[in-house]
Amino acid sequence: MRSRFLRILEDGEGSGGGEEEEEGEHEFYALNTLLLVMVLGLCILCAYLIKKYRFYFIPESSAALCVGLVVGGIARMITHNDEELNFISFKPELFFFMLLPPIIFEAGYTLRRKNFFRNLGTITAYAVVGTLISTFFVGYLVFAMGRLKVIDVDGNNPMEALLFGSLISAVDPVATLSIMGSPELNCDPLLYSLVFGESVLNDAVAIVLFRTFQKYYDERAELDEAKVGQATIAFVGVSTGSVFIGVLTGLVCSYIFRHTRIRDYPKYEVSLLFLFAYGAYAIAESIELSGIMSLFFCGIILAHYNSYNLSKTSQTTAEEIFASLACVAESFVFMYMGMGVFTGRFKSWDPAFVVLAILFCLVGRALNTFPLSAVSNLVFRRHKIPLRMQFVIWFAGLRGAIAFALSQNMPGRHKDAYETTTLSIVVFTTVVCGGLTEPMLRYAGMKRSPDHEDDADAAQPLNPQYELASIGDSEEKTQRAQTHRVRIAGYYLGFHAKWRDLDDRYLKPLFGGQVPDDDDDDDHHHHHLVVNSPTTTAAASASA
């Protein structure tokens, strides 16, 4: 005991230099944290000014990126200390585990679910099939340029180029959505639903595809057809498992809230809600599934069931809290990317690769947007996607932080070239394409007048009367196409009705939610709804 005490004293006497070093390190982190807080506050103020003065030519994300570029450039001129520059460099793990979850959860929790699920077929086609088309198109063109020695990438094994194709296909139209979601623009609801839905699912699909290809990457091995098939099957399995984890976590959370009195303590209520959501993300990531897809569907489930189990205080504050967290995280992400340009970490900038990659991305997106829109219009869409709307959807395919974060995990000796090219594409699409979105919406006629009401076709589900009328009015179409549309509509109506009945009778009483009043079940002209929450259930029992 005595010798241990003396050893502690001796360590304390000889630790003077260590204490000074720790104080210096503490001061270093304090000053750099102050810098980040001040810059982040500047980004938030810029977002406020953009909203107030309607500077639609520079979206909020573009402003944050430009602020980061300026601050990073100034920091580069003032100091050449690698430690300080590394502090402001982009870190993928910080992005994936701290900044991304609030953004994705807020997107799922505040999602306009009816519009999303009514357009789910088209959204899935864009996000899944479109991402696959873009991945292989961009990947093999980059591989071809490498074989021709036009750019310095691996020209022997296409898997490296396919990895780049998958990460650069991660469409992240945050800048475009910040404009389309503005109430001043009154953007077309169908356009907003398609772009928003694609942006959320596409990021998850691109990440799953990148990680799947990464498992099969070997710099010395040739790519064969069997590996492509295995990767595709693994991709489907990971996507399905991720959705299952998100739905299951959301149902467990809803069940706990439904059958306990935690609503009597709002601060615990909101805290536990956020922890369950973060748990869905962490569980999926820990078993090598997609945390984004899991968290997004967890947010949808929690909004559908659990939002009715919350106390009135939590109902009014939860969405604002999550929106504030997402706003700060988004600003931090783009600011962080801007500052990372001048860290000096990148040694290889290839202008030819940047220009070619931008062209490949534009053509690749066109090859999936226009054909998939045509197929959707022909097969199962009642409300057609006009050509001008397809053009805006094509233009809205911005690349963002997820693509850049994935580029940090590129294998091989050409990693630096892929990182700098991805960052250049992110800056170009965010600043240039994001800034041109508002004029394009205006010239394409996608901005509605303030007194224009929601398009019934975009907001209402399929109904038999409309289908029969449209069949009678569209005599120019072939009988086969008409019959196919009727079958699609009938299948949708039958499945939708069965799901609603299952949800109202069994799931909502178990997990919470909004259900039709029993007195109105036989009267289809009334739409009075009651909330199936613990509070209303207890009140009904007391009155009985």
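The values are calculated or read from the model by the stated rules, or taken from the named source; none is laboratory data. None of the values given here were measured: they were computed from a predicted structure. A quick note on method: Cβ atoms are made from the backbone with ideal geometry, for glycine too, and the neighbour counts reach across all protein chains shown. We work out accessible area using only protein heavy atoms, side chains counted, and drop any ligands, DNA or RNA first. Shrake-Rupley method; radii C 1.70, N 1.55, O 1.52, S 1.80 Å.
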Everything considered on the Cα gyration tensor (a ≥ b ≥ c; rounded for a/c under 1.5, else prolate if a/b is larger than b/c, else oblate), segment 221-301 must be described as prolate
So for Leu356, Leu209, what's the accessible-area order with a 1.4 Å probe, most first?
Leu356, Leu209
Cα gyration tensor of segment 66-169, axes a ≥ b ≥ c as square roots of the eigenvalues: rounded (a/c below 1.5), prolate (a/b > b/c) or oblate?
oblate
For Cys66, tell me the accessible area in Å² from a 1.4 Å probe, rounded to the nearest 10.
50 Å²
Using a 1.4 Å probe, how large is the accessible area of Lys51, given in Å² and rounded to the nearest 10?
90 Å²
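Quick one: of Lys91/Lys215; Lys447/Lys498; Lys384/Lys447, which pairs are farther than 25 Å apart, Cα to Cα? Intermediate results must be reported in sequence, preceding the final value.
Details: Lys91/Lys215 22 Å; Lys447/Lys498 37 Å; Lys384/Lys447 17 Å.
Going by Cα-Cα distance, Lys447/Lys498 fall outside the 25 Å limit.
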J(HN,Hα) series, segment 348-355, from Karplus relation 6.51 cos²θ - 1.76 cosθ + 1.60, nearest Hz, glycine and proline x:
10, 10, 10, x, 5, 4, 4, 5
Rounded to one decimal in nm, the spacing of the 7 Å Cα→Cβ label points at Ser348 and Glu23 is 4.6 nm
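Given the Cα-Cα distance of Ala323 and Leu362 and 0.36 nm per residue of separation, how much length would full extension add, in nm?
On the way: separation 39, 0.36 × 39 = 14.04 nm, distance 3.13 nm.
Contour length minus the Cα-Cα distance gives 10.9 nm.
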Solvent-accessible area of His26, probe 1.4 Å, all protein chains present, reported in Å² to the nearest ten, please.
130 Å²
Can you list the residues, at least 5 places off or on another chain, whose amide H is less than 5 Å from the amide H of Phe342, using H built in the peptide plane?
none
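With all protein chains present and a 1.4 Å probe, how do Ile123, Ile262 order by accessible area, largest first?
Working: Ile123 0, Ile262 35 Å².
So the residues, ranked largest to smallest area, are Ile262, Ile123.
Kindly state, to the nearest 0.05, the FRET efficiency for Leu436 paired with Arg113, given R0 = 22 Å and r defined as their beta-carbon distance.
Working: r = 31 Å, r/R0 = 1.39.
Calculated transfer efficiency: 0.10.
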Treat every Asp and Glu Cβ in segment 229-382 as -1 and every Lys and Arg Cβ as +1, leave all other atoms uncharged, and give the resulting dipole magnitude about the Cα centre to the nearest 20 debye.
260 debye
Report ³J(HN,Hα) in whole Hz for each residue of segment 143-159, in order, from the Karplus equation J = 6.51 cos²θ - 1.76 cosθ + 1.60 where θ = phi - 60°; Gly and Pro get x.
4, 5, 5, x, 5, 7, 6, 6, 10, 8, 9, 5, x, 9, 10, x, 5
Keeping every protein chain in place, order Arg413, Arg442, Arg258 by accessible area at 1.4 Å, biggest value first, i.e. largest first.
Arg413, Arg442, Arg258
